[in-house]
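Shown next, in structure tokens, is the structure this report addresses.
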Amino acid sequence: MISVTEMKLEDSYRIRDIDRSETIELIYKCLDGEIQEVKLPHECPNWEEEHYREIIERYEFELSNGGTAYGAYDGDKLIGFGVLAHKFRGKDQRQLQLDLMYVSRNYRRQGIGSRIFHELSQVAIEKGAAQLYISATETESAVKFYTSRGSALTSELDEELFRKEPNDIHMTKEL
């Protein structure tokens, strides 16, 4: 049985359990405020060690500064996780960023991501956020996941996050 629970700072090493590999058929680009499909079939491999270290570092930074993480476990194996960042954003400071969200390849499309997304949304509401800010990878699976949960292109681009990930599809979700 899959369980979803809040993760702790010391759980960061478990991120190495995640298999983020994916077969990608198309990606999205945002041009002039419109999402456009681009056929780009390729295999996205699992993370290399450098990427694991980067993701773990982001996870630890957020949790050390008041962020929240939820993980999905199959037994004691981490099969998905998401991180709600600590810093409020937006002109009215009522947005919290969904910083990281991954579900292992063999566990996708089973509702695990939805459960993690729901838990993080509840935490954001409890912290006083009115919206989630999502910088989604440009893959079809990521963009469709977020749009199917009510997210849409943001009308207020976060310049700091855009500079970090200019190819991502920047979205917001009303809470």
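A compact table of results
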read-out	value
Spin-label model distance (nm) - Asp19 vs Met1, 7 Å beyond Cα toward Cβ	2.5 nm
Shape of the range 45-89, Cα gyration tensor, a/c cut at 1.5	oblate
Neighbour count of at most 15 Cβ within 10 Å plus DSSP loop: longest GluC sites (Glu not before Pro)-free window in the chain	49-155
Shape category assigned to the range 31-175 from the gyration tensor of Cα positions, a/c cut at 1.5	rounded
Cα centre as origin, Lys/Arg/Asp/Glu Cβ charges: the range 62-175 dipole, Debye	260 debye
Whether the range 119-163 is rounded, prolate or oblate, judged on the alpha carbon gyration tensor where a/c under 1.5 counts as rounded	oblate
Positive-end extreme of charge dipole, the range 113-164 - chosen from Thr137, Leu153, Phe117 (charges on Cβ)	Phe117
Relative contact order of the range 34-108, pairs being alpha-carbon contacts under 8 Å that are 6 or more residues apart, as %	20 percent
Relative contact order for the chain, counting Cα pairs under 8 Å that sit 6 or more residues apart, in percent	22 percent
Of Lys39/Lys77; Lys29/Lys127; Lys39/Lys91; Lys39/Lys173, those spanning more than 29 Å from alpha-carbon to alpha-carbon	Lys39/Lys77; Lys29/Lys127; Lys39/Lys91
Cα-centre dipole for the range 123-175 with unit charges at Cβ (Lys and Arg positive, Asp and Glu negative), debye to 20	200 debye
Inter-centroid distance (Cα atoms) of the range 1-71 relative to the range 119-167, Å	13 Å
Estimated 222 nm signal from helices in the chain, with DSSP H stretches of n ≥ 4 weighted -39500 (n - 2.57), rounded to 500	-8000 deg cm²/dmol
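Values quoted throughout were computed directly from the atomic coordinates according to the rules given, and no laboratory measurement underlies them. Quantities reported herein were computed from a predicted structural model and do not represent experimental measurements. We place every Cβ from the backbone using ideal geometry, glycine too, and count neighbours over all the protein chains shown.
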